[in-house]
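I have placed the structure first, in the form of structure tokens, so that the comments after it can refer back to it.
The values are calculated or read from the model by the stated rules, or taken from the named source; none is laboratory data. The structure displayed is predicted, hence computed values, not measured ones. FYI the Cβ positions are ideal-geometry reconstructions off the backbone, even for glycines, and counts take in every protein chain you see.
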């Protein structure tokens, strides 16, 4: 069913998203994304049946995420209230959710969909590999690689590293994860017992948002090792200790939007589709 | 720490398990496994600090699983009661659990450990592949394969089929699983919408314990298709309809103990190790 | 272009081949394959434009390979002579080739086509894996596997073993092959320096038709190791020494026709297609 | 056996090479690589038993490849002549080879070693993947990829693309290569019949040094397709037509030295080792 869709604010990912909806035949208005002279004023642009706001919805809980200019959420909500509207945003913080609710807007957080997070893990893993390739004088082939953590990103990283003919060890805490690591043919290590095992690695990918690679462990690592940290800030590496020890440690954040905005937009599109399908309003 | 271990009843897997404990230096007694003249009488054999019973613990909730002879659980429990004993069994049904508790025996079910189930999924997947190889005139390479379900076994089957250069589609119900199927590079299908998609497959592996391949769907399948059903009984295939339609449909049950008793025993060994470690009684 | 095809002698693979030609719309006669009452007498059956003889063409250089009865090649050739006939056989020995030529029959050996040998390596590799799965108490996952030789079968075996999550080492003699083994991520070993490296392997696949695993090397192998030898007879293993040492060593010959006659027939079909296409007589 | 090694001229790869020899305990002199004040004058620097010249040996057949300054080969050869010296260079053109011979220097071309070219194909494949990741808005996962050519680089690219969960088609001319492509599970296409098949691809990797992607074929390709050409200059793409059609086509040359100088140096080290071993002068 053709619908009218408003895509408001955000980054290039939102532009790709608007384009995806257009290609499917929906009537799409953007605001805050394209050159201003090509966009309608906000009240008209925001009038779609389905309104898609960016991820994160807001950098501070008060304003909408925008590349230029600014818009208070409290000024946006009145334009989106009313029956028959479906309003979706990503990574909605509690303050923003509360202000929406107070204004009578039911705001759905598409970032909570597990399938979106799985889909986002793919460009994150690819971006981490690209960063590793760029940062090292070696080939991934034949490198001793350690992936710390066996969640979404860890699973995909391990799988792709093996596909690139690297030697892959994966560390985890839970016995269940260790059993999976074994079943899939990687070398299992325990994250809480990494001491004494770190010296052999040429590349370490951290996916765990906790201080795993502290100074003591970094001192054990070979100086030509490259560390790629994709855990959410503040990450899992003592970066200043790494600098002092001469170890290259790179924090790679927000990879999906950076390395593959089209894939990231498609993931949002799919998640929104599933949400609306489950609500009986397929798009 | 060296311990005395009693391994009572069961199948060849239990024999392998006894051997594993012996190789580690523990004092091990078996009962009901080796030629009777080589084993001690039950009361002595059952006197270990750690007592390992088979999986399933009992075929009927009343007797111990045994290859020959019979032993009532109510006759066994008094031999295992008492402080300082750790008694473990697999797939313990409620009746047996109740009778143990009534007799003052704390019975731990090692089969509930997720890592055991993951480890068991490996020989199950390998056994399913071996069955498929034996049942078809084709090579797996180049065959169009469908895996129904993306749980433990489905994940491992899909991964190994691709490793054998088959064309792999996987069906699931949950959007989260479909996102994983896509992220790992398989063709995603929805289990509830398989109609119209089934004709192309040369091999179908079912892992879902529900009647997925009913007569209507079987009628759509090509007659030279081979179906391997590894879901617990009664499985997910209308076997009599398959027979009438001339489709080869094989029910493969209890694969771990059959195809790789050593691996299956090692999985039990590891699970017991984790259980005892978490209880502060490492073995 | 529809043609008349004669498929004479051989094993179930030839029957599959006849069926493949039939499905493509060619007029096909078989002889020595189906129940005699369903086949035409040899002179009529052998009258096709394209005549396909089995592989090996002859068990002894004198008779055609046949499942029952016997036919002297010198009695067959006169039926196949004459302009406009294309006669193809597999693994043609020099004596048979000479007798055909003397009788005015141009006999083309389809077995010499490299693409046929590559295609045959696939069921050989799968058959070797199936044999290994059946012969061992372990899972392939996690097993230490050695593949001796990195020719067609060695390449495919190594690739599939890794796909099954085994630990894979490959031995070769040539530096070029060792570089490939490294580039693809396997552990490289030198076939002429296997001494001292053999003890760790649970599974050894030999693909080299030379006595690689002699008594000295076998003595180094662990007794629960399983050896699968797919090299042409007499193979690469001192089988009697293996027996004495209690090592399971299996000679697996002619796997393609045994494990996947349909795939083996398709490979012959394709090779014949390429031969005829290159001769300007496409079929 | 410890030797004295001269590493003269070239790029960072040669520096890595010098370092590798040093780590093995050899006495190493470089020239034209490190800051001049740290190097001996050429006559002393060039006095090693083993002299390693860069690849290509010479940019023009007359001078040595150097990052700064210049040196005529005819001035170099007299320093390297004499018994007991082993002189090696890479990609030696006929003019340079002739001048060396005339000066009494036996010049060995290590670039001709097949194992070096295989080893170099690894960083080339990884560099091509990194270039593709950087150039596209998509993820490699799920992208329709075509690899043109199934030589060393094509083989490794196809294998790694599948490892990254891309959909992989490979084109080749020879039936033997097509059989391998099939056996390894990729979609086979014929390079001489690509017309009509090109529209679906998101990524095309060319490895064939011939004009495969001419204007006619480029017109068939979707405008958002990215082409990575790793064939030696002038490559296999009509780059000006690609520009006109708005297709991103990148020529990626000399990837090993650029993306993984350490791996490239190790490959040269290994090749030199094999050459000297075969000559009975192991290093």
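Overview of results
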read-out	value
Top-ranked residue of the stretch B:153-168 - restricted to ones that are assigned to a helix (DSSP H, G or I), free of Cβ contacts under 8 Å to residues at least 40 places away in the same chain and more than 10 Å from chain C (Cβ to nearest Cβ), ranked as nearest to residue D:169 (Cα to Cα)	B:158
Lone unmet requirement of (1) under 22 Å from residue C:256 (Cα atoms); (2) modelled with pLDDT under 95 for residue C:132	(2)
Residue within the stretch B:196-209 that is without any contact (Cβ under 8 Å) to a residue 40 or more places away in the chain and under 26 Å from the mean Cα position of the chain (by Cα) present	yes
Which numbered condition residue A:212 fails, given (1) closer than 15 Å to residue A:145 by Cα; (2) surrounded by 22 or more Cβ atoms within 10 Å (Cβ to Cβ)	(1)
Residue A:175 vs. criteria without any contact (Cβ under 8 Å) to a residue 12 or more places away in the chain, away from chain D (no Cβ under 14 Å) and closer than 30 Å to residue A:196 by Cβ	yes
Flag if residue B:156 is under 24 Å from the mean Cα position of the chain (by Cα) and not assigned by TED's automatic domain parsing to the domain that holds residue B:225	no
Candidate set from the stretch D:240-253 (those that are buried (at least 19 other Cβ atoms within 10 Å of the Cβ) and away from chain A (no Cβ under 14 Å)); member that is nearest to residue D:128 (Cα to Cα)	D:249
Selection from the stretch C:43-63 of residues that are in contact with a helix residue (DSSP H, G or I) (Cβ under 6 Å, 6 or more places away or on another chain) and surrounded by 19 or more Cβ atoms within 10 Å (Cβ to Cβ)	C:46, C:51, C:54, C:55, C:57, C:58
Criterion (buried (at least 18 other Cβ atoms within 10 Å of the Cβ), farther than 30 Å from residue A:185 by Cα and more than 14 Å from every other protein chain (Cβ to nearest Cβ)) met by exactly one of B:40, B:80, B:72	B:80
Qualifying positions in the stretch C:112-143 - free of Cβ contacts under 8 Å to residues at least 60 places away in the same chain, more than 17 Å from residue B:141 (Cα to Cα) and either within 14 Å of chain D (Cβ to nearest Cβ) or not in a loop (DSSP other than H, G, I, E, B) (or both)	C:112, C:114, C:133, C:134
Matching entry among A:113, A:22 (being closer than 30 Å to residue B:173 by Cα, more than 23 Å from the chain's Cα centre (by Cα) and modelled with pLDDT of 95 or more)	A:22
Failed criterion for residue D:18 (all others in (1) closer than 24 Å to residue D:253 by Cα; (2) part of a helix (DSSP H, G or I); (3) touching a helix residue (DSSP H, G or I) at 6+ places or on another chain (Cβ under 6 Å) hold)	(3)
Hey, residue B:258 within 14 Å of chain C (Cβ to nearest Cβ) and free of Cβ contacts under 8 Å to residues at least 60 places away in the same chain or not	no
Hey, residue B:202 within 14 Å of another protein chain (Cβ to nearest Cβ) and under 22 Å from residue B:250 (Cα atoms) or not	yes
Condition met for residue B:124 (buried (at least 24 other Cβ atoms within 10 Å of the Cβ), at pLDDT 95 or above and more than 16 Å from the chain's Cα centre (by Cα))	no
Residue match in the stretch D:178-186 (condition: within 21 Å of residue A:134 (Cα to Cα), within 14 Å of chain A (Cβ to nearest Cβ) and surrounded by 22 or more Cβ atoms within 10 Å (Cβ to Cβ))	no
Test result for residue A:51, more than 14 Å from every other protein chain (Cβ to nearest Cβ) and either in contact with a strand residue (DSSP E or B) (Cβ under 6 Å, 6 or more places away or on another chain) or at pLDDT 95 or above (or both)	yes
